[in-house]
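Report on one structure; see the data block that follows.
Please treat every number below as a calculation from the coordinates, not as lab data. Here the structure is a predicted model, which means the values were calculated and not measured. Cβ sites come from the backbone with ideal geometry, for glycine too, and all protein chains shown count toward neighbours.
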Amino acid sequence: MADPDPLSPLRSARKVLAAVEAAEGIGLLEAVAGGPVPAGQLADSFDLRPEPLHALLRVLRWHGVLDDTGAAGWQLSEVYRELLTGPPGSNARALLRIERWAAQDHLNADGVTAALRGRRLPTEIPDAELPALADAMLTGARASAPHLARLPELRDRTSLADIAGGSGGYSLTLCRMFRGLTATVYDRAPMLEHAARAVKEAELGDRVRLVPWDLHRDPLAGPEAGEASGPAHDAALLSHVLHLLDRRERVRLLTGAGRLLPGGGLLLVHDFLYEEPPAGSALAASAVDWLALGAAYHPDRRALAAELAEAGFTLRRTVPLPALGTTVAVATRD
């Protein structure tokens, strides 16, 4: 039977997410990740009032986040323990923090209204949130890069421009998978500090270069010379970048990417494409993020092809990645 109030699940989800975000922000989820902890001990450790804490713990149990083991105390449920701990969990926890910041900052009704009236927010997140974003990008890239590595167009390339490549996860993973590949990560200096640590840990400093570059201020140019130096790479990657930009900014960035490539050079755009996504899906909901930013990003394949053509590229094919909810657009420079 259909829910007589289709808004009810949306209101409920917002309330439950607030409870999960509060528990993560306080440190409760981390405290119970290793095994049962009595409620009294949690109250003492985090200076919380016992009665509202008990209510929060029950709410989280009702929604499958926690298990009540009885006298031994409370612990993360198996599903959430797998999600929030270990390498995959670092991404989930980081995304929780980023989403909480976004909801407080702009990803709300006031933010959407302001965007509709012309407000445009910076694409950079505050420095306080940068470590969480760097962790999320690194973990997400390590999971996504193997999907890109399966593309036959990438196999014979030797020099990758990882544009707005963040903490370098794509470059590091792809260079491990292709021994003949080198990469240059272009991004802001604060983000490259995180990339430098990842490069050092991977022992790939001889193959992964880091070039300070600002998305809104700097032209794209090769790592050795100025803007007029000519093609510096034979492949370029834009992963989860275009959705932060409005149409004019996207075409400008794509045009800049073309300056790094020779004719026939490969461009991979890994991002969201909106071919009428199912109602209630994560993909459909993600468009609200870009709307609240002021980017209003929601292209389908035809719209993306038009933007690429305006920037001097030909879209060759699109490859959906259902496991990630994203799409890779494969294009070549004219």
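Table for the structure above
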{"read-out": "Calculated FRET value between Asp5 and Leu283, using beta carbons and R₀ = 35 Å, to 0.05", "value": "0.90"}
{"read-out": "Signed unit charges on C-beta, dipole axis of the chain, positive-most listed residue Val319, Leu293, Gly168", "value": "Val319"}
{"read-out": "Most mobile of Arg117, Arg100, Arg252 in a GNM of the chain (Cα contacts under 10 Å)", "value": "Arg117"}
{"read-out": "Residue of Thr182, Thr139, Thr69 that the Gaussian network model of the chain assigns the largest fluctuation, springs spanning Cα pairs under 10 Å", "value": "Thr69"}
{"read-out": "Range in the chain, longest, excluding exposed GluC sites (Glu not before Pro) [loop by DSSP; at most 16 other beta-carbon atoms within 10 Å]", "value": "1-123"}
{"read-out": "Residues Val269, Val185, sorted so that the one with the fewest Cβ neighbours within 10 Å comes first", "value": "Val269, Val185"}
{"read-out": "With Cα atoms, 0 to 90° folded angle of helix 86-105 axis to the chain main axis", "value": "90 degrees"}
{"read-out": "Inter-site label distance for Arg317 and His147 at 7 Å from Cα along Cβ, in nm", "value": "1.6 nm"}
{"read-out": "Percentage relative contact order, the chain, counting C-alpha pairs under 8 Å, at least six apart", "value": "13 percent"}
{"read-out": "Ellipsoid semi-axes in whole angstrom, largest first, where each is sqrt(5λ) of the Cα gyration tensor of the chain", "value": "39, 24, 18"}
{"read-out": "Value at 222 nm in deg cm²/dmol, rounded to 500, when DSSP H runs of n ≥ 4 in the chain each add -39,500 (n - 2.57)", "value": "-14500 deg cm²/dmol"}
{"read-out": "Net dipole in debye of the chain [+1 Lys, Arg Cβ; -1 Asp, Glu Cβ; about Cα centre; nearest 20]", "value": "680 debye"}
{"read-out": "Proxy reagent accessibility, fewest Cβ within 10 Å first, across Asp135, Asp246", "value": "Asp246, Asp135"}
{"read-out": "Of Ala92, Ala309, Leu273, farthest towards positive along the dipole that unit charges on Lys, Arg, Asp, Glu beta carbons give the chain", "value": "Ala309"}
{"read-out": "FRET efficiency, Arg301 to Leu48 (Cβ-Cβ, R0 35 Å, nearest 0.05)", "value": "0.10"}
